[in-house]
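Undergrad: First the structure, then my questions, so here it is.
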Amino acid sequence: MAPGASVKDNHAVCEAEFVDKRRVGAVSKHMPDSDSIEALSEIFKVLGDPTRLRIISALSVDELCVCDIAHLLGASISATSHQLRILRHLHLVKHRKEGKMVYYSLDDACVEKLLAEGLKHIAE
């Protein structure tokens, strides 16, 4: 345990209240603005659902149509389409139409990196 810290209700807390204004000021310059934090929070909320994470995982391998994704998930096409709409709204997935088929893929490489980093974190 760090000097000056104590364990209270299983949480490490300082025994004295002191704000290091220099350090706090330096850190605050690097923090994202409130709108960015809110947008990121929405993405994490959406990715907090196992079904949507399975969709992201599948689409990190290849683009798939709604029927393919539904079959992979063991879900209805309607339920799968609803999940895809949520992911599309936050620009996590995109779609393209080819004739009567609609194919989904990850919106960009950042989404794949986000999934990979999360998986790497839990593996450690």
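All of the numbers you see were taken from the coordinates with simple rules; none came from a lab. Quick caveat, the model's predicted, so the values are computed rather than measured. No Cβ is skipped: glycine too gets one built from the backbone with ideal geometry, and neighbour counts run over all protein chains shown.
Undergrad: Which of Lys29/Lys97; Lys100/Lys120; Lys29/Lys120; Lys29/Lys113 have a Cα-Cα distance over 32 Å?
TA: In this structure, Lys29/Lys97; Lys100/Lys120 exceed 32 Å between Cα atoms.
Undergrad: Let me ask something else about it. Using the Karplus equation 6.51 cos²θ - 1.76 cosθ + 1.60 (θ = phi - 60°), what ³J(HN,Hα) coupling, rounded to whole Hz, does each residue of the stretch 21-37 give in order, writing x for Gly and Pro?
TA: 4, 5, 5, 4, x, 5, 5, 4, 5, 9, 7, x, 6, 4, 5, 5, 4
Undergrad: Among Glu98, Glu42, Glu15, whose mean-square fluctuation peaks in a Gaussian network model of the chain (Cα, cutoff 10 Å)?
TA: Evaluated over the chain, the most mobile residue of the options is Glu15.
Undergrad: Here is a further query. Restricting to DSSP H runs of at least four residues, report the calculated mean residue ellipticity at 222 nm for the chain, -39500 (n - 2.57) per run over all residues, nearest 500 deg cm²/dmol.
TA: -16500 deg cm²/dmol
Undergrad: Given charges of +1 on the Cβ of Lys and Arg and -1 on the Cβ of Asp and Glu, with all other atoms neutral, how large is the dipole of the chain about its Cα centre, in debye to the nearest 20?
TA: Charge dipole of the chain: 240 debye, to the nearest 20.
Undergrad: While we're on this one: Can you give me the relative contact order of the stretch 12-123 as a percent, contacts being Cα pairs under 8 Å and 6 or more apart?
TA: It comes to 22 percent, rounded to a whole number.
Undergrad: Next question, about the same structure. Specify which labelled value, from [x] 1.39; [y] 1.51; [z] 1.57, agrees with Cα Rg over 2.2 N^0.38 Å derived from the coordinates of the model shown.
TA: Working out Cα Rg over 2.2 N^0.38 Å from the coordinates points to [y].
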